[in-house]
Every structure is written in structure tokens, then in C-alpha cells.
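Engineer: Structure in C-alpha cells, see below.
The values are calculated or read from the model by the stated rules, or taken from the named source; none is laboratory data. Since we're looking at a predicted model, the values are computed, not measured. For neighbour counting, all protein chains shown are included, and Cβ atoms are generated from backbone atoms with ideal geometry for every residue, glycine included.
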Amino acid sequence: DVVMTQTPLSLPVSLGDQASISCRSSQSLVHSNGNTYLHWYLQKPGQSPKLLIYKVSNRFSGVPDRFSDSGSGTDFTLKISRVEAEDLGLYFCSQSTHVPLTFGAGTKLELK
Amino acid sequence: QVQLQQPGAELVKPGAPVKLSCKASGYTFTNYWMNWVKERPGRGLEWIGRIDPSDSETHYNQKFKDKATLTVDKSSSTAYIQLSSLTSEDSAVYYCARSGVGYVLAYWGQGTLVTVSA
């Protein structure tokens, strides 16, 4: 199975800060069709995960442009340009290039 | 809008099976794969498998191949997961999640909390 390693596991921030979360996969996430199926989700306490970014750099419907991603192959970074209160929660990276789909352990974005 | 409705909780005795439902609305049910994901505190998220509602083709995580069975009822736009021979290790929240492009989990239900207890 592809192991997804996120760092850091906890990220204390102040509102308005920029935040970066790293995700590394144990195998390349480039599919044979040339696409890279790396995605990011946000889960708030008591809620189900919500899709933020799919296929590395595509923001899902309604996701503000302060969220962006970069990376390729096995190394990816989610950036939040100016953290707002609604951005706090648990961030997961996930891959769907290989079966089974796998998830990172999660990065908790919280206030300092 | 896409909605996936799941019961909030199920209490099940050890050794018994359970069948969880996920009723879809707001889109054409047969056009998108449906996934199931397990969440346990401190254990993160585990993908169980997915089913194509148009023809019931399934893909399973090998880890859950003997534990979970995925089915659908097209007439009611409902997906099901049956879990067999439950133990304490099966106590978890189970989410259904509809696929999007590239098998991304685009929409999630609220999850069903399964508690295995005598």
C-alpha cells in the first residue's frame, strides 16, 4: 500500500498567518494516464471530511483561492495564504492513483 | 445539491453482522462510484472499498475483503455496506463518500457510528 506521510502533525498558527503542510508518498502518484491523483481534505470536529483540492492543484467548488497546492511525483505542499478561523481543523492528504486509496495521518491546524 | 444520508448510530453485539445504509440524492446515482471509509480515533482514515452502482462492480481494500460486502439498490439510490462477525476492532465511524474525477472522494455522508458491545 502507498504510505502517505504528513508533516507536521500539529501546526499552531495565528489568524492571518501563512501555513504550509507537507505530504510525501512512498511511491510516485503519477498514474499511467499522466494524471496525479493527490487530494486534500479538511475535517472539522464532529464533521465528516470535506474535499478542498483534487488532482494536486484544483480547488473544489466553493473553496477560496487562499488554498493552493504544489508538488509532483511524491512530494506535495498545501499552502493557506492567510489563515482564517474557519480554516482550523484536521487536514488530510490522500491518493487515489493506486488501490487501495490511502490517507495521511492528518495535520491539526490550530491557534497558537 | 448532493446529499448522502446515513443513520447516526448502530449498536451491535459482538459476533453479529450489521448492514449500514447510505441514501443518495441530488445527482444520478448510477453515474458515480460510491466509497466506504472507516475512521477510528487515533487510527486515521481507512478506505474499505468502492462500488459502481450502474453494474455493482466492486474494488476492495484487501484488508477488508473478508469483513465488508458492498451492495446497492438502484431503485432507492441507496448504497449498503455489510460488516460481518463484528469485534471491538470494528467499532468506528463508517462514512460513505461519492467519487468524483479520478476517484477522488468528492462528497461525504455524515457517518454512522458503529459500537460493538454486549
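Engineer: Looking at the range B:89-104, is at least one residue part of a loop (DSSP other than H, G, I, E, B) and touching a His at 6+ places or on another chain (Cβ under 8 Å)?
Structural biologist: There is at least one residue in the range B:89-104 that is part of a loop (DSSP other than H, G, I, E, B) and touching a His at 6+ places or on another chain (Cβ under 8 Å).
Engineer: Of all residues in the range B:64-89, which are within 14 Å of chain A (Cβ to nearest Cβ) and either touching a helix residue (DSSP H, G or I) at 6+ places or on another chain (Cβ under 9 Å) or at pLDDT below 95 (or both)?
Structural biologist: Matches in the range B:64-89: B:LYS67 only.
Engineer: Considering only residues that are within 13 Å of chain A (Cβ to nearest Cβ) and modelled with pLDDT of 95 or more, which ones fall in the range B:35-56?
Structural biologist: B:ASN35, B:TRP36, B:VAL37, B:LYS38, B:GLU39, B:ARG40, B:LEU45, B:GLU46, B:TRP47, B:ILE48, B:GLY49, B:ARG50
Engineer: For A:PHE67, indicate whether it is under 19 Å from A:LEU90 (Cα atoms), away from every other protein chain (no Cβ under 13 Å) and hydrophobic (A, V, I, L, M, F, W, C).
Structural biologist: Criteria met by A:PHE67.
Engineer: Still on this model: Got a number for residues in the range A:1-43 being surrounded by 13 or more Cβ atoms within 10 Å (Cβ to Cβ), under 17 Å from A:LEU78 (Cα atoms) and in contact with a Lys or Arg (Cβ under 9 Å, 6 or more places away or on another chain)?
Structural biologist: Number satisfying all stated conditions: 17.
Engineer: Something else: Just one of A:SER94, A:SER32, A:SER81, A:SER68 is touching a residue at least 24 places away in the same chain (Cβ under 8 Å), of a type in the set (Gly, Ala, Ser) and more than 27 Å from B:VAL93 (Cβ to Cβ); which is it?
Structural biologist: Step by step, each of A:SER94, A:SER32, A:SER81, A:SER68 is checked, and only A:SER81 is touching a residue at least 24 places away in the same chain (Cβ under 8 Å), of a type in the set (Gly, Ala, Ser) and more than 27 Å from B:VAL93 (Cβ to Cβ).
Engineer: Collect the residues in the range B:52-84 that are surrounded by 15 or more Cβ atoms within 10 Å (Cβ to Cβ), in a helix (DSSP H, G or I) and over 13 Å from the mean Cα position of the chain (by Cα), keeping them in residue-number order.
Structural biologist: Across the range B:52-84, the qualifying residue is only B:LYS63.
Engineer: Which residue pairs have Cβ atoms closer than 9 Å, lie 6 or more positions apart in sequence or on different chains, and pair a first residue in the range B:90-118 that is more than 8 Å from chain A (Cβ to nearest Cβ) and farther than 18 Å from B:GLY44 by Cβ with a second residue that is of a type in the set (Phe, Trp, Tyr) and in a loop (DSSP other than H, G, I, E, B)?
Structural biologist: Going by the 9 Å Cβ cut-off, the qualifying pairs are B:ARG98/B:TYR27; B:ARG98/B:TYR32; B:ARG98/B:TRP33; B:SER99/B:TYR32; B:SER99/B:TRP33.
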